[in-house]
Amino acid sequence: MEGKGIYQEQVFQNQFNKIPRKHVLQITNHGTHEWKVRPGLPDTGGQNVYVNEFTEALINLGYRVTIVNRGGYQDPINGQVRRGVVYHPTGNARIMYLEDGCDQFVRKEDMDEHLPALADDLWNKLEKEDDHYDLIFSHYWDAGKLGNLLNKKAQQRVKHLWTPHSLGALKKMNMPPSTWADLRIDERISHEKQLLQEVDGCVATSSKIREMLTDAYRVKVDYFLPPGIDDLRFHPRQKDELKPIWNWLAQQSPLSPRDLKHRLWIMEVSRTDDTKRKDILIKAFAQVKKEIPEAMLMVAIDKNTQELYKKLTGLIDELGLKDDVIILGSVWDQLPLLYNVADVYCTPSIMEGFGMSAQEAAATATPVVASNLVPFVQEYLLGDAPYCRHKAVNGDQLDLHFGTAGVVVPKDYVDGFAEALIELLKCKLLRHLMGHQGLNITIPHFTWGRMVTNLLETLGFTSEKN
């Protein structure tokens, strides 16, 4: 099998530049990009999934795609140096790893000084192939700057669209001032403002991003591409399809598959980062557990984050929840089934470009509880006339909004998250109604094929597929 894989790679390598399809560059520079994303690795998560699924849609519409990602350092899990090119199973797309002479992982905040060398490497690789590309999509500020550097080297620039996913000004608004220096937020805002003067357009992933680009950056946003859904992967499943996931969960728990089926499950999956507020969820779950003994929590916490992993697992132990929490590692293959067995999906995150995990949950008919800073839930799942439950806490008004397909809780409000989770877990009918209304809101409107086709038509590109 290994030999066959090497042979297939060589065939793809020889054929890729000869495929009669328009060529799109997808630049996602930071983090650990691969075809099967391992959420939770440093600087790796929703953006990587977005790029892969955007790429799948482009392939299906008749394009070929090169995804560009920084390499040259050891993989954080298997220790292999990330370099070269890895092809998509169809041969119509590839991941190209760039090198800048530094053999260490570089966090996204510190990427600026590495960009000139990465741009040189990208230019040299493309020049060596004597290939052309027709369109550039870049993701996040460092990739936007890399795309601009590439265009400056070219004899004839091509259209370059930047997708920020989040913005420095938005992060500055949501993060305490004590974190700004370490996150280099003011530098980031300066980078973003500069690159916006050089790109051919900006693609917003949510109305919040669009609003911030207009208000804080004074930029007109013509393009909109929120994260989409692969409805062949994320959809409601029949009970007989779920047996493998109960067996898998039993391997992570002292309980049997039969016992696990009779529990009520809260789920959260995202990269392990302070902005995801997993501690808020764990504290809220402790309150839920007192009210609903059969409640269980599955939450993604990556061991490689070390300090934060220790803090979060220590909190679980301190609250006496060790036997009631399943800590998820890399769950890419299991993810669709995990959403299906979850009774409620909960994301207390305070930093979301759109809210991909909430959207995936909705596509599987699972109701969602989220902070007021998760745009997909706030803008779509709440609906037009949510019921507001007023709460006065220490002189502040902290309102819970119960909507069509989800509940929105003020950020960092532990008691509010607990109350919303308890209400949903206690009422199966409410969960059922919210879940299926969320499915109808999400599918087919947010499928990748529909949204990417609309974007390309707006750009003057059409489907290349015969």
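The values are calculated or read from the model by the stated rules, or taken from the named source; none is laboratory data. All values reported here derive from a predicted model rather than from experimental measurement. Ideal geometry is used to build each Cβ from the backbone, glycine not excepted, and the neighbour counts take in all protein chains shown.
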(request) Name the single residue, out of those in the stretch 287-325 being touching a residue at least 40 places away in the same chain (Cβ under 8 Å) and of a type in the set (D, E, K, R), that is nearest to Leu255 (Cα to Cα). (result) Asp323
(message) Test of understanding: among Trp162, Trp123, which residue is in contact with a Cys (Cβ under 7 Å, 6 or more places away or on another chain) and either outside the structural domain of Ile95 (by TED's automatic domain parsing) or among the aromatic types (Phe, Trp, Tyr) (or both)?
(response) Trp162
(request) Determine, yes or no, whether Glu241 is within 29 Å of Ala117 (Cβ to Cβ) and not aliphatic (A, V, I, L, M). (result) no
(request) Quick one: count up the residues across the stretch 313-344 that are β-branched (Val, Ile, Thr), within 20 Å of Leu242 (Cα to Cα) and out of contact with any Phe, Trp or Tyr (no Cβ under 8 Å at 6 or more places or on another chain). (result) 3
(message) I'd like to know if the stretch 286-304 contains one or more residues that are farther than 18 Å from Val369 by Cβ, at pLDDT 95 or above and not in a loop (DSSP other than H, G, I, E, B).
(response) no
(request) From (1) in the same structural domain as Leu297 (by TED's automatic domain parsing); (2) surrounded by fewer than 20 Cβ atoms within 10 Å (Cβ to Cβ), pick out the condition that doesn't hold for Thr453. (result) (1)
(message) I'd like to verify a number: residues in the stretch 54-92 that are among the basic types (Lys, Arg) and not in a loop (DSSP other than H, G, I, E, B), how many?
(response) 2
(message) Exactly one of these conditions fails for Pro164: (1) surrounded by fewer than 23 Cβ atoms within 10 Å (Cβ to Cβ); (2) touching a residue at least 40 places away in the same chain (Cβ under 8 Å); (3) touching a helix residue (DSSP H, G or I) at 6+ places or on another chain (Cβ under 7 Å). Give me its number.
(response) (1)
(request) Say whether the condition of being in contact (Cβ under 8 Å) with a residue 12 or more places away in the chain and more than 30 Å from Lys18 (Cβ to Cβ) is met by at least one residue in the stretch 154-161. (result) no
(message) With part of a loop (DSSP other than H, G, I, E, B) and within 24 Å of the chain's Cα centre (by Cα) as the only criterion, which of Arg237, Arg210 stands out?
(response) Arg237
